1. Does anyone have the angle between helix 9-19 and the longest principal axis of the chain? Alpha-carbon axes, 0 to 90°, nearest 10?
2. Average the reciprocal distances over every distinct pair of alpha-carbons in the chain, invert the result, and give the Kirkwood radius in Å.
3. Given the rule -39500 (n - 2.57) for each run of at least 4 DSSP H residues, summed and divided by the residues of the chain, what is its mean residue ellipticity at 222 nm, to the nearest 500 deg cm²/dmol?
4. Which of the three applies to the stretch 1-46, rounded, prolate or oblate, going by the alpha-carbon gyration tensor with a ≥ b ≥ c and a/c under 1.5 meaning rounded?
5. What is the percent carbon and sulfur in the accessible area of the chain, measuring with a 1.4 Å probe over the protein chains and ignoring ligands?
6. Using modelled backbone amide H atoms (1.01 Å from N, in-plane), which distant-in-sequence or interchain residues come within less than 5 Å of V90's amide H?
7. Let a ≥ b ≥ c be the square roots of the eigenvalues of the Cα gyration tensor of the stretch 42-146; is it rounded (a/c under 1.5), or, if not, prolate (a/b larger than b/c) or oblate?
8. To test your reading of the geometry: what angle, between 0 and 90 degrees and rounded to tens, separates the Cα axis of helix 100-110 from the longest principal axis of the chain?
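The values are calculated or read from the model by the stated rules, or taken from the named source; none is laboratory data. Every value quoted in this text rests on a predicted model; they were computed, and no experiment measured them. Ligands, DNA and RNA are excluded from the accessible area calculation, which covers all protein heavy atoms including side chains. Shrake-Rupley method; radii C 1.70, N 1.55, O 1.52, S 1.80 Å.
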Amino acid sequence: ESVPYKAHDGIVAALSHHLRTLDGSTLRAIVPEHVDTLLDLFPVLARIPVFAHAPRTLDAVQSRKERRRRGFLALRDLLRSLGTQSTVIVAIDDLHWGDVDSVALLHELLRPPEQPRFFLVVTYRSDESEYSPALQALFEAEPDEHAVPVERIELEAFDRALSRALADQLLPQDTRARFAD
């Protein structure tokens, strides 16, 4: 796929689902400035009527770069608002399949000052580090003295016995036979 921000698709879909559970007054209070640029980046959020009917700030002369910047800021503001109300956990699985735009958005969300409060979990295959443009963009970023703390945890592959034990623990009894050696 060549969809921009593909590492964030699942996150924004889950965010859209969560937002649809909120009442109208809560939603109106958290609609970010430039929400239309956010909808431009992630059309799934237009399923939220309060967002879809918010005032438009786009105009014909606005550059693509400026629209992207405003969309990033709108998502940042939305996550900041949500983070003041509850705990927000963002998980990106298989970032090695992501794109450089996804990493640019991630950097925007994490940059100081006043970054949104959320717990971020990112997984990737370490053997893809030299081949993945997303991972290269992530690791080549300039370290910032005010950056958020990062904890890296390397996991080894499960051996066959450990995989089997986990499957036995998690799968229902009648399903286990289908996954036998």
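1. With both axes taken from Cα atoms, the answer is about 70 degrees.
2. Details: mean 1/r = 0.0537 Å⁻¹.
Across the chain, the inverse of the average 1/r is 18.6 Å.
3. Values: 9 runs with 84 residues, N = 181.
Helices in the chain give a 222 nm mean residue ellipticity of -13500 deg cm²/dmol.
4. On the way: a/c = 3.28, a/b = 1.66, b/c = 1.98.
Oblate is the answer for the stretch 1-46, as a/c is 1.5 or above yet b/c matches or exceeds a/b.
5. Working: 6540 of 12130 Å².
Looking at the chain in its full context, I get 54 percent from C and S.
6. F119, L120, V121
7. On the way: a/c = 1.79, a/b = 1.47, b/c = 1.22.
Prolate, because a/c is 1.5 or more and a/b exceeds b/c.
8. 70
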